[in-house]
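Some notes on the structure that comes next.
Every read-out reported here was derived from the displayed coordinates using simple, explicitly stated rules and does not represent laboratory data. Not measured: the values here are computed from a predicted model. When we count neighbours, we look across all protein chains shown, and the Cβ atoms used for this are built from the backbone with ideal geometry, even at glycine.
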């Protein structure tokens, strides 16, 4: 590196020289140049620098700026942000409010799928499903024709496979029911051509923004909502309120997910408390919850807002406990159903002797899912020194950690009757066998375990320094973790103050995740964003549907997961549509670039000079073509240089 | 439908217009005359519950362990009790039966194209999804290698090698296919292109010359693949044999793309697709029913579409481990050990359940709770790699694995 520096005179070549070898190949002891240090800090503590950000950091000094980011309460929030996220109202509601106002079936809708219990008693249903032909005919006999039809329509067609008499009737009942449903569905949500005349349909489907605005203004509110429901969401990418109204008619709970996704992108784009937002993304991903496994949707906003956000710069123990107790986690890793095997062998709850199958799904025992992932993914790490016996003991300790009022006002409750009272030993510690205390003690043991200090420190260093961070740095962070009782702000301070953090080894060492890629490019372009629905869609197209990671690992923390041909192609496609102004809700400010040459545009977007190779490719490829600044911007954002941070 | 030769001639002409030297294409055309063997790997992420995918209905113990979620045998039998009780398993050999939703696979079993290998898995005891997936995809139980077994199974790059030789359907390149040999990930063939030709050409130069070696390699692979895919996707695709991919969910959509590539004769040697959502800790019957319906329909659509070309194809399915033999308290199952693999294709000696069945009695279970592993997953993959892909150096693909006796999965 030193040799290279001596031989290359031009300052611009110097920057390119760093890119040459800057993929974490040692040299964690060599400091970056002052300008690079500023960019490095911005690239790691924010979702990407905006024009003007480097000057601001230079003005304050890196140390002071980093310290401010570590104390977000001292940073005045961007006044614009509040207005942007205000309409995303589920982000500001309690789970109970969300459940009331965003039900799983559209409000006022006919009960389309009747539950068996509402039609006939469960023993009738059971005989109808599994009885002999005689038994089935006998239970059907007393039913009036309407009930008989409803009951038959509920039974799976295979159940009548050897009874042609009933099969035909059930089939007819099922068809009739389907037709009825479709009729109701059509009445509530008529297709576009029944709502509008031909010209209006054309305007709605293919019109520009003004035409759609005019059309919506012309329609009465009921019809307006029906039209919105009939249009694909892409057509409403610029009409947040209509999108919401239309979705309310079709699928209210989809609004919850959309609010979360759109809110995340807005915050990443606009908050002044960038580090806090980066950390919320990091810790949500660490304690990943998938939005659609059980009933997570209505509680997910609260999970991020109430369990994650308040603790990202606090003590790890509190963060861990808040997630352990949150209904979102209790649902997602099944702990809400986990109980001592004999917990329900009581009074009328007990299963009848000899019953082979329970008529309905009913949990009756231990579930290991949370116990395992708590140690493997949340605290110790897979090689953190636990056994299958520990997994079972932890699951027992948490039995009874469940959800009160799951369908109306979900909140954590410890249900003593579900708790396993057998003796438990976790990682060599005998638990007090004192109800809820068992789980609390496990959280305590895990939060203070040396493996946890190492595992968390390494993961943070991986996010902020390099995919394979130097062990000595991880060790120092782990030491801080242990000394400060898991004070996450102190651990981050140790990392940000380290030589490694602002070293050549860390320069451009991180491949951007799709969220980072999308948000950093919009920030770099200094664009104004009025609607993030389309941007969130782009993040999903690049492989990271927000709140949509099914597995509890969360999304990859390192470049290996993102670096592939599909990802590269997707990023180029995104860059081109962004720069050519084709992404709904993103308003570009072009005047900044007019009249600038490609190298200058590249410097502005990257914050430093592009690599020699990128500049040459731009120069040669655009020679004599008088390219628009948009085209150049698209190429720069597509370039290898922009894929790293 | 156009013939293979027509396509190759036609596309070579257009390719020349794009500017890339199409010499490999002429060579691929050469190669296509001989038979090109193709291995398709399907990963079921989340640990599929093998005992409810292929049901050991002759074991009374199965129904004792699974009173609520057990699938009745073909005659409705449940171990010692008999009687109709929901949809029954589809008999394979009097001992094992397919989950009722896998009905579309029965025809392939009867045609002797489908084999099941029971009690397969890894000698490593981990019950972590993520470790187990890494180990299986690396082909190195107990440790994660930087590259994957299927990448190492491919011959080194030669004059016949196509940019599309190894392809994963999805937005990520799975570990199975990572490594020295070029391998690409494609999410959707229809949108696998970028901007105008001018834009594409500038970006191609940028990436091909990039000092960032990893981005350079990925970029090069992407542009080479893009050019070919552009050719392939110009017309509509009409699957053969009336195959209905759309009912097969995401896996169906991805296998359709694999089929399209294979039929375009562009030199595919290995393909990978995955299907997630098998981690059924609770409410398993309803979820498994859904997943297996799509799974069965996707595989059978693929076989139908490929028709006679199945003679050149072997498809193998795997999952990181099986699940507990006993159901848990939530009508689900927890992380277990032994699982199963399916092997499908023309060269397969199908219609048979392979592997030694270890039994479900307490003392027969692994650690008293999970189906034991009697066949190392590497034994199955190893046979396919040597027998089908003609990779003779098994030590390179599965370092440290000592192959004992052959299962005889393939017709020789």
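Over all directions, the projected convex hull of the C-alpha atoms in the range B:274-412 averages 9.7 nm² in area.
Between residue B:393 and residue A:383, the modelled labels are 2.8 nm apart [label points 7 Å from Cα along Cα→Cβ].
The spacing between the range B:308-358 and the range B:360-412, judged by their C-alpha centroids, is 12 Å.
Given R₀ = 56 Å, what would the calculated FRET efficiency be for residue A:192 paired with residue A:73, taking r from the Cβ atoms and rounding to 0.05?
Values: r = 50 Å, r/R0 = 0.89.
The formula returns an efficiency of 0.65 here.
Mean partner shielding of peptide B:280-286, defined as the number of other chain Cβ atoms within 10 Å of each residue Cβ, is 4. Taken residue by residue and averaged, Cβ atoms of other chains lying within 10 Å of the Cβ of B:213-221 number 5. Computed from Cα positions, the angle between helix A:240-250 and the longest principal axis of chain A comes to roughly 20 degrees.
Once the C-beta distance of residue A:137 and residue A:181 is scaled by a Förster radius of 25 Å, the resulting FRET efficiency is 0.40 to the nearest 0.05. For the protein assembly as shown, what is the percent of antiparallel DSSP beta bridges, rounded to the nearest 5? Bridges in the protein assembly as shown are about 55 percent antiparallel.
Could you tell me whether the range A:497-645 comes out rounded, prolate or oblate from its Cα gyration tensor? Rule is a ≥ b ≥ c as square roots of the eigenvalues, rounded for a/c under 1.5, then prolate if a/b exceeds b/c, otherwise oblate. Display every interim value, and only then the final one.
Values: a/c = 1.82, a/b = 1.26, b/c = 1.45.
Judged from the Cα gyration tensor, the range A:497-645 comes out oblate (a/c at least 1.5, b/c at or above a/b).
Computed over chain B with a Gaussian network model linking Cα atoms closer than 10 Å, the most mobile of B:302, B:272, B:246 is B:246.
Just rank B:245, A:290, fewest to most, by other beta-carbon atoms within 10 angstrom. If you can, show how the numbers build up before the last one.
Numbers: B:245 22, A:290 19.
Ranked by crowding around the Cβ, least crowded first: A:290, B:245.
Label-to-label distance for residue B:214 and residue A:484 is 2.9 nm, based on points extended 7 Å past Cα in the beta-carbon direction.
Using a Gaussian network model of chain B in which every pair of alpha carbons under 10 angstrom is joined by a spring, one finds that among B:224, B:168, B:185 the greatest mean-square fluctuation is at B:224. Working note: Cα gyration tensor of the range A:434-576, eigenvalues times five, square-rooted, sorted largest first, giving semi-axes of 33, 21, 14 Å. Calculated from the alpha-carbon coordinates, the protein assembly as shown shows an Rg and a Dmax of 29.8, 97 Å respectively.
Here the range A:299-343 and the range A:140-196 have alpha carbon centers that stand 41 Å from each other.
Other chains' Cβ within 10 Å of B:331-338 residues: what's the mean?
Values: counts 9, 7, 1, 10, 5, 0, 0, 0.
Across the residues of B:331-338, the mean count of other-chain Cβ atoms within 10 Å is 4.
Can you tell me how the range A:118-166 classifies by the Cα gyration tensor, rounded, prolate or oblate, using a/c under 1.5 as the rounded cut? The partial results should precede the final answer.
Details: a/c = 1.42, a/b = 1.39, b/c = 1.03.
Rounded shape, in that the Cα axes give a/c under 1.5.
Across chain B, how large is the tail of the calculated P(r) beyond 31 Å, expressed as a percent of all Cα pairs? Summing the P(r) of chain B above 31 Å gives 38 percent of all pairs.
Rank these for me by crowding, A:143, A:440, A:152, going from fewest to most other beta carbons within 10 Å.
Working: A:143 17, A:440 20, A:152 24.
If I rank by nearby Cβ atoms, fewest first, I get A:143, A:440, A:152.
Mind telling me which of B:113, B:234, B:244 comes out most flexible in a GNM of chain B, alpha-carbon contacts under 10 Å? Result for chain B, Cα springs under 10 Å: B:234 fluctuates most.
Based on Cα contacts under 8 Å between residues 6+ apart, chain A shows a relative contact order of 19 percent. Estimated at 0.36 nm per residue, the fully extended path between residue A:616 and residue A:497 surpasses their Cα-Cα distance by 39.2 nm. Relative to one another, the C-alpha centroids of the range A:524-582 and the range A:213-234 are positioned 29 Å apart. Here's the picture: a label point sits 7 Å out from the Cα of residue B:253 along the beta-carbon direction, and within the range B:146-183 the residues with their amide nitrogen under 17 Å of it are B:168-173. Just the Cα atoms of the range A:372-473, one point each, no solvent: what log10 I(q)/I(0) does Debye give at q = 0.10, 0.13, 0.16, 0.21 Å⁻¹? Log10 I(q)/I(0), no solvent term: -0.36, -0.56, -0.75, -1.02.
Taking Cα atoms only, the orientation of helix A:252-270 departs from the longest principal axis of chain A by about 10 degrees.
With contacts taken as Cα pairs under 8 Å at a separation of at least 6 residues, chain B carries a relative contact order of 26 percent.
Calculated FRET efficiency, residue A:222 and residue A:254, Cβ-Cβ r, R0 25 Å, to nearest 0.05? Between residue A:222 and residue A:254 the formula returns 0.75. Helix A:565-579 axis versus longest C-alpha principal axis of chain A: approximately 70°, rounded to the nearest ten.
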